[in-house]
Amino acid sequence: NKLREDGYLFPCTCSRRDIREATTAPHAEDGDPIYPGTCRTQNPSTISHQPSTDLNWRFRVPAGEPIEFVDGRLGTQHFVAGRDFGDFPVWQKNGIPAYQLAVVVDDAAMGITEVVRGADLLVSTARQLLLYRALGLAAPAFYHCELVCDEKGDRLAKRHAAKSLRALREAGR
């Protein structure tokens with residue numbers, strides 16, 4: 001509610017497919033489409049504050065603003081809002097907070113001072129820093145480690161049915 005009241009959020013009816021198919025959607029370096037701004041001008045005050053099943057709430061990034069932080073492994077990181085990432089969802093239409101908001105609020109509530117995650121989430125840190133600032137929360141230090149990959153160079157992930165580290169060790173890898 002604080003983010004909405006302070007003007008950081010806007011309601012969005014776009015699906016992931018809509019964004020992917022938008023001919024005006026540029027793509028970030030990681031290949032993910034950048035939100036094209038379709039619903040950015042919607043006024044949140046005209047939308048019911050009750051949970052909805054037909055819209056998401058997106059964080060309005062300050063286009064062109066540089067976001068910089070020092071990563072414990074990779075050193076100084078520099079991203080530009082609107083170029084390297086676009087407006088991103090913080091509340092899903094199913095009534096569940098999106099990843100970016102959930103990790104920021106959870107880490108702040110638990111007093112987390114250092115976050116270690118995979119290098120594939122580097123740009124997510126830039127998004128989260130905007131949320132920390134908007135919510136008036138202190139940001140932790142970040143360290144992005146290399147991903148563990150299989151023999152083909154693909155990252156190990158449960159969603160890709162990758163073998164566990166234990167199974168790889170037992171196989172001598």
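The values are calculated or read from the model by the stated rules, or taken from the named source; none is laboratory data. Values in this document were obtained by computation on a predicted structure and should not be read as measured data. Glycine also receives a Cβ, built like all others from the backbone with ideal geometry; neighbour counts cover every protein chain displayed. Accessible surface areas use protein heavy atoms only, side chains included; no ligands, DNA or RNA. Shrake-Rupley method; radii C 1.70, N 1.55, O 1.52, S 1.80 Å.
For the listed peptides 90-97, 143-150, a ranking on the average number of other beta carbons within 10 Å per residue, highest first, reads 90-97, 143-150. Taking amide H as placed 1.01 Å from N in the peptide plane, the amide H of ASP71 sits under 5 Å from that of THR76, GLN77, each at least 5 places away or on another chain.
Would you mind getting the accessible area per residue of region 60-173, heavy atoms of the protein chains only, 1.4 Å probe, in Å²? Walk me through the numbers before you get to the answer.
Working: 6720 Å² over 114 residues.
Per-residue accessible area for region 60-173 comes out at 59 Å².
For GLY72, what is the net charge nearby, where nearby means another residue's Cβ is under 15 Å from its Cβ and Lys, Arg count +1, Asp, Glu -1?
-2
May I ask you to derive the FRET efficiency for ARG20 and ILE96 from their Cβ-Cβ distance with R0 = 30 Å, giving the value to the nearest 0.05?
Numbers: r = 21 Å, r/R0 = 0.71.
Efficiency, from the Cβ-Cβ distance: 0.90.
Across the accessible surface of region 53-112, with the other protein chains kept in place and a 1.4 Å probe, carbon and sulfur atoms take up 57 percent. PHE10 sits among other residues whose Cβ lies under 11 Å from its own Cβ, and their net charge, with Lys and Arg +1 and Asp and Glu -1, is +3.
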